[in-house]
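Data first, discussion second: the structure below is written as structure tokens.
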Amino acid sequence: QVQLVESGGGLVQSGGSLRLSCATSGSIFSINAISWYRQAPGNGRELVASITSRNIVNYAESVKGRFTISRDNAKNTVYLQMNSLKPEDTAVYYCSSLDYYSIQYWGQGTQVTVSS
């Protein structure tokens, strides 16, 4: 199993920045990719960004140019740097891992609130 713990959420003004962290533990050798998802009230969960074990990254169109996903293998941590935040970025952000057996694990989520 893989355990994921998110941190770094909070309240920020429009145009501000936040950095989310996703600390991983457990069977991390089996992880193929780690992704950030978000879910706003009344909406479904949407993919924000992902990074594979080969550092291939992918972003949702709505965050391209503003968000950056990265990883620190020494710390077993994946980051989501969020700049130029907008009120529509307000959501609970979840970290998720997908292993080579296509098993997906989820963190507990961290709230990001962007005020206008």
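The values are calculated or read from the model by the stated rules, or taken from the named source; none is laboratory data. It should be emphasised that the depicted structure is a prediction, and the values quoted were computed from it without experimental measurement. Note: ideal-geometry Cβ built from the backbone for every residue, glycine included; neighbour counts use all protein chains shown. Just the protein is used for accessible areas: all its heavy atoms, side chains included, with ligands, DNA and RNA removed. Shrake-Rupley method; radii C 1.70, N 1.55, O 1.52, S 1.80 Å.
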Report whether or not residue 114 is over 20 Å from residue 29 (Cβ atoms), surrounded by 15 or more Cβ atoms within 10 Å (Cβ to Cβ), over 11 Å from the mean Cα position of the chain (by Cα) and at pLDDT 95 or above. yes
Taking the condition of being under 16 Å from the mean Cα position of the chain (by Cα) and open to solvent by 60 Å² or more (accessible area, probe 1.4 Å), how many residues in the range 18-31 meet it? 1
Report, ordered by the first and then the second residue, all pairs with beta carbons closer than 6 Å, sequence separation of six or more or different chains, a first member in the range 91-114 that is in contact (Cβ under 8 Å) with a residue 60 or more places away in the chain and within 19 Å of residue 54 (Cβ to Cβ), and a second member that is in a strand (DSSP E or B) and among the small types (Gly, Ala, Ser). 96/35; 98/33
Does residue 81 satisfy the criteria of being assigned to a loop (DSSP other than H, G, I, E, B) and either touching a residue at least 12 places away in the same chain (Cβ under 8 Å) or over 14 Å from residue 5 (Cα atoms) (or both)? no
Just to verify a result, which residue in the range 1-13, among those that are of a type in the set (Gly, Ala, Ser) and surrounded by 14 or more Cβ atoms within 10 Å (Cβ to Cβ), is nearest to residue 103 (Cα to Cα)? 7
Restrict the check to the range 39-53 and report whether at least one residue is open to solvent by 20 Å² or more (accessible area, probe 1.4 Å), in a strand (DSSP E or B) and in contact (Cβ under 8 Å) with a residue 40 or more places away in the chain. yes
Residue 89 - would you say it is closer than 24 Å to residue 16 by Cβ, in contact with a helix residue (DSSP H, G or I) (Cβ under 9 Å, 6 or more places away or on another chain) and open to solvent by less than 50 Å² (accessible area, probe 1.4 Å)? yes
